[in-house]
Amino acid sequence: MGDRVRHLLSAADLSGEEISFLLDVAGRLKQRPQRLLEGRQLALLFEKPSLRTRVSFQVAMRHLGGETIYLAPQEVGLGEREAIKDVARVLGRYVDIVAVRTFGQVIVEEYAQHSTIPVINALTNEEHPCQALADLLTVKEKVGDLRGVPIAFVGDGNNVAASLVLTATSLGMDMRMASPKGYSLPEWLISEASARASRFGGALTIVNDPVQAVTGARCVYTDVWTSMGQERESERRRIDFAGYQLNTALLAHAAPGAFVMHDLPAHRGEEITDEAIESPASIVFDQAENRVWAQAAAVAFLLGVSGHVA
Ligand code: CP
Ligand code: NVA
């Protein structure tokens with residue numbers, strides 16, 4: 001079931017050409033919102049808290065003339081109150097598209113296997129593709145052509161890093177990633193991103209030393225050391241990530257005026273300093289704003305109307 005339906009579960013589900021196309025559509029929708037989704041409904045099935053993802057999907061759908069239904073954590077009990085495949089089949093009878101925020105990637109994969117409507121990953125433990133699209137739309141607005149632009153991610157090889165690395169290499173960027181030993185990205189993802197970097201004229205460098213990753217970078221990105229669901233590891237992580245803070249000393253190695261990036265929520269004083277996040281080079285709130293347009297483009301694409309965007 002659902003074999004011919006397109007989903008966005010991983011950034012790797014999109015080809016490099018499709019990623020470039022989505023950024024273009026997102027930019028055009030931001031310039032001129034268009035009511036392409038009149039009468040269409042998006043369900044937001046969320047098993048973790050959210051500010052940006054929830055509100056930006058709701059606002060995006062409103063801009064496109066559609067509607068949203070929000071299902072909060074504890075309401076549906078995906079795989080607990082009811083089998084995942086049953087939830088997928090029921091929601092498909094009510095709405096046109098669903099964005100799922102949950103724990104394991106295997107959950108959205110199982111959900112999508114049984115879904116007759118497109119499924120968007122609104123964050124899993126392993127990926128956050130909507131975030132990466134918004135992030136690189138933001139960088140594109142600032143620098144123009146993304147090809148060859150050096151971007152460094154410093155910190156955990158988590159969901160945000162995974163989708164960023166896949167997306168940046170698909171756009172031919174010079175992607176550098178520095179994380180402590182034991183916190184790197186999965187092997188399959190490094191191979192996939194390396195292949196994309198070769199294909200699209202970019203580069204992928206994976207190191208442990210933050211200074212090496214950041215040297216000459218035009219964008220320096222970080223995310224929390226402890227993600228949702230990992231709270232019991234937070235003490236250990238604070239120790240393991242010491243030295244990986246995005247601060248003024250680290251930024252001194254980047255290109256002059258390098259953009260400071262964070263997906264938010266930030267733990268100020270841990271992975272990023274107040275000074276860095278409040279600096280004139282910080283684009284964190286532009287990233288948050290662009291979630292609306294990146295997701296509007298993704299929904300339009302999956303519902304087959306992105307070709308109508310003027
Ligand atoms: N960046 C992001 O996804 O934020 P929320 O967890 O608030 O949705
Ligand atoms: N890595 C973070 C991102 C939050 C948007 C988490 O999963 O909690």
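The values are calculated or read from the model by the stated rules, or taken from the named source; none is laboratory data. Note that the structure is predicted; figures quoted are calculated from it, not measured. Glycine gets a Cβ as well: all are built from the backbone with ideal geometry, and neighbour counts include every protein chain shown. Just so you know, the surface numbers come from the protein's heavy atoms only, side chains and all, with ligands and any DNA or RNA stripped out. Shrake-Rupley method; radii C 1.70, N 1.55, O 1.52, S 1.80 Å.
Note on H253: accessible area is roughly 80 Å² with a 1.4 Å probe, heavy atoms of protein only. Counting heavy atoms of the protein chains alone, L146 has an accessible area of about 10 Å² for a 1.4 Å probe. In order along the range 158-173, phi translates into HN-Hα couplings of 9, 4, 5, 5, 4, 5, 4, 4, 5, 6, 5, 5, 5, 9, x, 7 Hz, rounded to whole numbers, per the Karplus curve 6.51 cos²θ - 1.76 cosθ + 1.60 with θ = phi - 60° and x for Gly and Pro.
Averaging 1/r over each pair of different alpha-carbon atoms in the range 18-171 and inverting the result gives 16.6 Å, the Kirkwood hydrodynamic radius. Taking a quarter of the surface of the Cα convex hull of the range 1-63 gives a mean projected area of 5.9 nm².
Solvent-accessible surface of protein heavy atoms, probed at 1.4 angstrom with all chains present, puts R81, R40, R89, R101 in the order R81, R89, R40, R101, largest first.
Each principal axis of the Cα cloud of the range 136-240 was evaluated for its coordinate range; sorted largest first, these ranges are 41, 28, 24 Å. A 1.4 Å probe over all protein chains sorts I239, I277 by accessible area into I239, I277, starting with the largest.
Sorted largest first, the spans of the alpha carbon positions of the range 205-308 along the three principal axes are 48, 38, 28 Å. Built from the Cα atoms of the chain, the convex hull projects on average onto 14.7 nm², one quarter of its surface area. Two numbers describe the Cα atoms of the range 85-182: Rg and Dmax, which are 16.0, 46 Å.
Straight-distance candidates among the aspartates and glutamates for linking to K30, with alpha-carbon spacing under 15 Å and chain neighbours fewer than 8 residues away dropped: D135, E141, D286, E289. Under a Gaussian network description of the chain, with springs only between Cα atoms under 10 Å, the residue in N158, N208, N121 that fluctuates furthest is N208.
When L189, L303 are compared by accessible surface with a 1.4 Å probe, the order from highest to lowest is L303, L189. Computed with a 1.4 Å probe on the full set of protein chains, the accessible area for K140 sits at about 70 Å².
The distance separating the Cα centre of the range 262-309 from that of the range 137-205 comes to 16 Å.
The alpha carbons of the range 256-295 stretch over 29, 24, 11 Å along the principal axes, in descending order. Amide H contacts under 5 Å for Y70: L44, restricted to partners 5 or more places along the chain or on a different chain, H placed in the peptide plane at 1.01 Å from N. Separation of the range 70-105 and the range 218-238, taken as the distance between their Cα centroids, equals 27 angstrom. Excluding ligands, DNA and RNA, the accessible surface per residue across the range 131-194 is 27 Å² with a 1.4 Å probe.
Note: relative contact order over the chain, using C-alpha pairs below 8 Å and six or more positions apart, is 21 percent. Label positions at R147 and R238, each projected 7 Å from the Cα along the C-beta direction, are separated by 4.7 nm. Looking at the range 1-100, which GluC sites (Glu not before Pro) are DSSP coil and have at most 15 other C-beta atoms within 10 Å of their C-beta? Listed in order of number, the matching sites are E38, E75, E80.
Under a Gaussian network description of the chain, with springs only between Cα atoms under 10 Å, the residue in F103, F57, F153 that fluctuates furthest is F103.
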